[in-house]
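The values are calculated or read from the model by the stated rules, or taken from the named source; none is laboratory data. This one's a predicted model, so the numbers in the text were calculated from it and none came from an experiment. Glycine also receives a Cβ, built like all others from the backbone with ideal geometry; neighbour counts cover every protein chain displayed. These area figures cover heavy atoms from the full protein model, side chains too; ligands, DNA and RNA do not enter into them. Shrake-Rupley method; radii C 1.70, N 1.55, O 1.52, S 1.80 Å.
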Amino acid sequence: MLKLSVIGTGYLGATHAAAMSSLGFEVVGVDVDESKIAQLRQGKVPFYEPDLEDLLRAEVDSGRLTFTTDFSAVADCDVHFVCVGTPQKKGSLAADLTYVDASVVALAPHAKAGSIIVGKSTVPVGTAARLATLLKDLNRHVELAWNPEFLREGFAVEDTLRPNRLVVGVTSESSEAILKEAYAPLIANNVPWICTDLATAELVKVAANSFLATKISFINAMAEICEVAGGDVTMLAKAIGYDPRIGSRFLQAGIGFGGGCLPKDIRAFMARSEELGAKQSLEFLREIDSINQRARQRMIDLVRADIGQDLKGKKIAVLGAAFKPDSDDVRDSPALDIAAQIHAAGADVWVHDPKALHPARSRFPDLNYTENIDECMRDSDATLHLTEWKVYREIDPAVMKSKVKNPTVIDGRNALDRDLWIRAGWKFRALGRG
Ligand code: UGA
């Protein structure tokens with residue numbers, strides 16, 4: 001049985017390590033962050049991801065999954081998965097590759113002959129080829145491969161164990177054979193296997209995320225048109241989604257995409273295309289990015305249109321801080337960005353979120369946070385629904401009406417039951433609904 005290492009134990013790495021261990025492999029997770037490793041060793045996940053903690057604890061208890069800060073622990077591993085972050089560089093659209101480069105440099109002296117280093121991080125095309133050259137100098141007995149990850153936060157375990165495809169970029173048949181062995185249990189479950197070159201494998205990932213971002217901005221552009229033409233974007237999305245060539249998923253209009261992936265990936269892709277002399281090819285992504293940013297502004301405009309230009313002293317209830325439900329991730333969260341802008345305009349902003357209050361508070365300490373929806377909405381001048389957690393769809397608008405100062409709700413995610421709220425006597429507003 002192969003032995004695996006996973007370098008970087010954040011979202012991607014912790015999930016990958018636990019999932020691969022659950023397939024029966026011995027896995028060692030390595031990270032430079034001692035406190036993270038200490039938590040993982042006890043079976044604790046340092047962020048919120050449904051199902052992950054149970055899986056992780058079971059795997060740690062089984063003895064197959066271990067964690068360390070010591071790179072020499074990878075010495076007897078056959079496959080080393082690099083799962084470190086590639087955030088946006090400060091002051092640039094490009095990705096910061098410091099952690100990917102550092103991982104390969106740290107791994108190389110410990111990796112045994114015949115083992116392979118497999119990048120899973122999202123990187124600009126050409127990175128794998130550059131790292132392969134670097135690796136030749138550091139340890140010529142080890143090969144590099146690329147295996148992009150498509151997991152979604154909130155479904156990380158499911159997506160890792162039951163992905164809709166496996167994509168690997170390799171430079172030799174032996175690397176493909178090792179990867180096939182590592183993923184044998186998934187391949188046995190008919191997960192499509194796509195083996196290609198390094199550049200294509202890197203590109204598949206950013207192409208997929210760019211397409212998803214484009215779909216969201218497309219529907220948000222339609223929302224803008226619906227607003228001026230008096231249409232309803234939710235009906236429009238439903239109607240076009242029945243065409244299987246279009247598909248109904250990722251057509252949820254609202255305040256747009258955020259998180260640690262889509263925004264930075266389309267920007268890094270643009271930056272890379274410019275370096276490659278193909279700036280024009282991805283020029284449209286600039287527009288995708290601006291439509292997405294505009295959605296946040298349109299939400300604020302809607303608040304102003306409803307409760308007045310001057311937000312000073314108005315109590316605004318914000319339902320949701322995470323960039324999407326079932327996650328505590330607030331990186332580039334449209335919800336939190338809107339909350340902060342409304343606060344900056346002088347409003348008394350109260351934010352509720354089932355899981356993301358702690359990270360939200362560390363990012364924007366000046367907002368008011370509460371774990372109680374009642375407290376968030378009590379005496380408010382407007383309620384903004386900004387992250388579509390299930391718990392918000394379970395709010396009884398009839399009960400809440402008597403608690404707020406002004407029964408106005410603005411649905412930034414087009415996920416609340418409009419008729420229900422209107423019947424309960426609320427003024428209901430939403431993006432893209434005429
Ligand atoms: C995204 C991709 O979906 C994954 O396939 C990919 O592996 C991951 O990035 C990554 O690169 O690691 P994720 O960031 O977890 O996954 O979130 P998504 O589910 O894609 O949602 C992104 C944002 O788009 C969220 O803010 C969500 O609220 C928003 N969104 C999504 C919409 O505004 N409308 C939609 O119809 C769908």
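Things worth noting here:
- Set side by side, the residues D419, D353, D366, D411 differ, and just one is open to solvent by 30 Å² or more (accessible area, probe 1.4 Å) and closer than 30 Å to E49 by Cα, which is D366.
- For segment 72-185, the helices (runs of 4 or more DSSP H) that sit wholly inside it and include 1 or more residues that are more than 16 Å from the ligand (Cβ to nearest atom), touching an Asp or Glu at 6+ places or on another chain (Cβ under 7 Å) and open to solvent by less than 40 Å² (accessible area, probe 1.4 Å) are 127-138, 173-182.
- When each of A239, A184 is tested for being under 30 Å from D417 (Cβ atoms) and out of contact with any strand residue (DSSP E or B) (no Cβ under 7 Å at 6 or more places or on another chain), the lone residue that passes is A239.
- Qualifying residue in segment 211-226 (condition: assigned by TED's automatic domain parsing to the domain that holds I316, of a type in the set (D, E) and farther than 24 Å from G320 by Cα): no
- Matching option when the condition is in contact (Cβ under 8 Å) with a residue 24 or more places away in the chain, among the acidic types (D, E) and within 16 Å of the ligand (Cβ to nearest atom), among E34, E49, E59: E49
- Within segment 308-328, the residues that satisfy the criterion of being of a type in the set (A, V, I, L, M, F, W, C) and within 16 Å of the ligand (Cβ to nearest atom) are V318, L319, A321, A322, F323.
- Any hit, segment 329-337, residues being touching a Phe, Trp or Tyr at 6+ places or on another chain (Cβ under 6 Å) and within 15 Å of the ligand (Cβ to nearest atom): yes
- Note on segment 385-434: enclosed helices (runs of 4 or more DSSP H) holding 3 or more residues that are free of Cβ contacts under 8 Å to residues at least 60 places away in the same chain and in contact with a Phe, Trp or Tyr (Cβ under 8 Å, 6 or more places away or on another chain) are 418-423.
- Listed by position, the helices (runs of 4 or more DSSP H) inside segment 317-384 whose residues that are over 25 Å from the mean Cα position of the chain (by Cα), assigned by TED's automatic domain parsing to the domain that holds P46 and not small (G, A, S) number at least 2 form an empty set.
- All conditions in (1) within 13 Å of the ligand (Cβ to nearest atom); (2) assigned by TED's automatic domain parsing to the domain that holds L285; (3) open to solvent by 20 Å² or more (accessible area, probe 1.4 Å) hold for E202, with the sole exception of (3).
- For segment 75-88, the count of residues that are aliphatic (A, V, I, L, M), assigned by TED's automatic domain parsing to the domain that holds A177 and farther than 30 Å from L282 by Cα is at least one.
- Only one of the listed residues (G346, G320) is at positive phi and buried (at least 23 other Cβ atoms within 10 Å of the Cβ). That residue is G320.
- Segment 282-296: number of residues that are open to solvent by 80 Å² or more (accessible area, probe 1.4 Å) and out of contact with any Asp or Glu (no Cβ under 8 Å at 6 or more places or on another chain): 3
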